[in-house]
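The values are calculated or read from the model by the stated rules, or taken from the named source; none is laboratory data. This is a predicted model, so every value here is computed, not measured. Cβ placement follows ideal geometry from the backbone for every residue including glycine, while neighbour counts extend to all protein chains displayed.
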Amino acid sequence: MKRLILMRHAKSDWSAGVTSDHDRPLNERGRQGATALGGWLSKQDRLPDGVLCSSAERTGETYLRLGLAPDTPVTFTRTLYLATPDDILTVLHGATGDTVLMLGHNPGIADAAAGFVRTPPAHPKFDAYPAGATLVADFDILEWQEAAWGNANAQHFVVPRDL
């Protein structure tokens, strides 16, 4: 079995004065939300043994605020910045580890979440996939290359406001 933790970056700061979307940081609510998500992952015993993260500032900051073990392997990639669902699947096929955290952006991350699961979680925010939304889904596969649309079972879905 392989477990995917599919997370949208926490709330970003649109007033930060940066000229590039790629360089936008988190706002205070986003920083608090990311920290809360890290605590939730730990409490649920859903810590990843590998991370695939968009190279954008806000996804990197979200990752850091999760407070994961410093020896957790992380790959920052521009491919996940505003990625399509097919881009997300392609990156996932190259994952290592049994529990992988993937951090990205909407709309691709929401579309990928909906595409991966056989049955969507019964949460009113799942379709919108707001900032910090996190899906934990299990795939009954041996290798990540076997991951495909519609072959994961949703285990948990949470947004920072739930915490």
TODO: Find the residue count for region 41-71, including only residues that are at pLDDT below 95 and polar (S, T, N, Q).
DONE: 1
Open item on the list: So L37 passes all but one of these: (1) modelled with pLDDT under 95; (2) touching a Gly at 6+ places or on another chain (Cβ under 7 Å). Which condition number does it fail?
Closed with: (1)
Open item on the list: Conditions first: (1) over 26 Å from E61 (Cα atoms); (2) surrounded by fewer than 21 Cβ atoms within 10 Å (Cβ to Cβ). V117 passes all but one, so which condition is the exception?
Closed with: (2)
- [ ] Tell me which residues, restricted to region 1-34, are buried (at least 18 other Cβ atoms within 10 Å of the Cβ) and more than 15 Å from P130 (Cβ to Cβ).
- [x] K2, R3, L4, I5, D13, R24, R31
Open item on the list: Considering only region 45-57, I want to know if a residue exists there that is surrounded by 14 or more Cβ atoms within 10 Å (Cβ to Cβ) and part of a helix (DSSP H, G or I).
Closed with: yes
- [ ] Collect the residues in region 58-73 that are surrounded by 22 or more Cβ atoms within 10 Å (Cβ to Cβ) and of a type in the set (K, R), keeping them in residue-number order.
- [x] R58
Open item on the list: When you scan region 75-90, do you find a residue that is in a helix (DSSP H, G or I) and without any contact (Cβ under 8 Å) to a residue 12 or more places away in the chain, even just one?
Closed with: yes
Open item on the list: If the requirement is being in contact with a helix residue (DSSP H, G or I) (Cβ under 8 Å, 6 or more places away or on another chain) and over 19 Å from F116 (Cβ atoms), which of these qualifies: A83, A36?
Closed with: A36
